[in-house]
Amino acid sequence: MDDHKLSTKIALGLLPDWVNEILLKEKNNLIEEYCMYPDYYYDPHKYSRVQPFLFFFKGVPFHYLPRQQIIYDNWQVVYSGNKFCIKRIYQPKNEFYYFCIRAFRFYFKRIMKNLIENRISEAAKFTGSFIHTLQDFCSNLHCLENPEGSDIFVLDRLIKPHGHDKYMTPSMILAKEYPFFLNIRKYRPFLLGTTQPEAIFHLYSRLVSKITRIRFYLIPLVEGVYRNKKKQIQKNQSFIILEGAKLVADVLYTIFSLTFNRFKKNQVDVLKKIHLEEISPIEKPYILSYPYRFTPIVNNFCLDMDRRFVPLQLKFPDGTVKTFRHGFGTGCHIEYDLVYDIPKNVFKNFQGNVGLHPILGKNGKIKVEISLNNKVFYHNEFGERKLADIFDVPILCGGKLKLTVRDRTGCWGSPDNNVVWAEPILIKNVV
């Protein structure tokens with residue numbers, strides 16, 4: 001069975017009975033045909049039949065998306081004020097994100113509209129078109145691409161084929177599907193939101209997380225094939241297949257729950273407070289000062305000079321030192337921005353703690369700003385006299401939430417600027 005058909009079948013098997021009952025007459029068509037629509041688009045004999053159910057942006061179908069450009073050496077030396085200084089170069093727009101968001105809105109709206117109008121066949125066709133690309137993102141080969149990826153041939157340039165067949169490259173291996181274990185019965189689909197904007201916001205982060213995790217299983221899969229290690233092949237292929245199927249199940253469960261207003265209290269409660277480290281920023285630095293360097297954002301920990309994990313800690317003006325479980329540590333360089341695209345009317349506040357680590361950052365000096373749509377709502381400077389503070393920023397109007405840190409030591413790449421964002425939380429607007 002084709003991998004798209006197989007993934008669709010597994011995902012449908014994870015959905016509650018009431019969802020499958022609605023799809024009953026179209027279930028087989030969804031598995032056998034509709035989930036193949038983006039591939040059928042390139043067939044002249046099928047084009048006119050599938051084209052109305054695809055999303056296009058600037059003529060490009062939601063299938064193979066433009067690559068996210070990554071620039072890590074985005075600094076230049078300029079002469080200013082009778083001295084040379086370092087200036088940050090413009091960060092390129094995350095085209096992958098904006099394409100995804102437009103497509104997510106398109107498919108959510110059309111699937112839900114057709115379900116409400118009891119046009120199940122049309123809803124299933126839009127569904128198949130949508131989940132095909134999500135499945136591609138989580139597949140053996142295409143997950144090498146965006147977000148923050150490369151091209152599908154990158155491993156061919158890094159791994160030399162084993163054995164006598166020099167043309168059995170990693171890309172050829174990853175283009176195939178292999179036997180796997182179907183051990184997924186206990187999985188319960190995850191509710192992504194109780195409104196379309198909230199669900200779409202969380203879907204992007206969930207997609208990025210899935211792709212990032214799947215990539216770590218590709219090289220072990222390739223090596224398993226070269227060495228004919230059947231258990232190794234099955235283990236890694238199982239993870240890849242099942243993670244993609246889980247994502248599709250999450251999306252379908254959320255769309256149907258939104259359409260028919262069927263929510264479980266425990267799932268709704270989970271969405272009330274969102275830890276920021278769980279959300280994928282649409283802009284971020286790719287290199288910061290030592291010891292973070294090429295791992296500029298470390299979730300739930302700081303790094304010491306030996307790159308060992310150190311708990312997130314902050315020392316407040318009253319002398320209290322607090323340790324936190326959630327958040328992230330970073331270095332600084334001259335400055336950096338973390339940008340999140342916040343949906344309107346979904347979250348009412350952004351709350352948390354920020355400052356310099358009381359031990360690792362005691363000799364640092366930084367300026368912190370939190371802005372929404374370029375309007376600064378919080379700013380403070382931290383150094384020897386003040387190491388930490390709390391913040392509470394209203395974000396109900398939505399838009400670009402930007403966390404900015406600037407160096408104030410005057411030392412390029414100072415390792416003393418060990419920055420802590422502790423318990424940064426998005427508080428949901430509960431009506």
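The values are calculated or read from the model by the stated rules, or taken from the named source; none is laboratory data. Keep in mind it's a predicted model, so treat the numbers as computed, not measured. Virtual Cβ from ideal backbone geometry, glycine too; neighbours counted across all protein chains shown. These area figures cover heavy atoms from the full protein model, side chains too; ligands, DNA and RNA do not enter into them. Shrake-Rupley method; radii C 1.70, N 1.55, O 1.52, S 1.80 Å.
Once the Cα-Cα distance is subtracted from the 0.36 nm per residue extended length, the I427 to E32 segment shows a gain of 138.0 nm. Across E283, E26, E21, E278, the residue with the most accessible area heads the list, and the full order at a 1.4 Å probe is E21, E278, E283, E26. With protein chains left intact and a 1.4 Å probe, residues in the stretch 183-332 average 48 Å² of accessible area per residue. For a modelled paramagnetic label at M305, 7 Å from Cα along Cα-to-Cβ, the residues of the stretch 410-424 in reach, with backbone nitrogen under 18 Å, are 411-419. If R0 is 22 Å, the Cβ-Cβ spacing of E384 and Y290 corresponds to a FRET efficiency of close to 0.60. Annotation: for a label point projected 7 angstrom from Cα along Cα→Cβ of R67, residues of the stretch 92-115 with backbone N closer than 14 Å are 95-96.
A straight line joining the Cα centroids of the stretch 235-311 and the stretch 182-229 runs 10 Å. Here the label points at N261 and Q51, each 7 Å from Cα along the C-beta direction, are separated by 3.9 nm in the simple model. The largest accessible area among K25, K246 belongs to the first residue in K25, K246, and the rest follow in falling order (1.4 Å probe, all chains). The residues of the stretch 340-402 present an accessible area of 47 Å² per residue when probed at 1.4 Å with all protein chains retained. Projected label points at Q76 and F181, each 7 Å from Cα along the beta carbon direction, are separated by 5.4 nanometres. Solvent-accessible surface of the stretch 12-135, averaged per residue with a 1.4 angstrom probe and all protein chains in place: 54 square angstrom.
By accessible area, using a 1.4 Å probe on protein heavy atoms only, the chain has 52% of its surface on carbon and sulfur. Under 17 Å from a label point set 7 Å out along the Cα-to-Cβ vector of M172, the amide N atoms of the stretch 136-150 belong to 141. Only helices enter this figure: runs of n ≥ 4 DSSP H residues, each worth -39500 (n - 2.57), summed and divided by the residues of the chain, yield -10500 deg cm²/dmol at 222 nm to the nearest 500.
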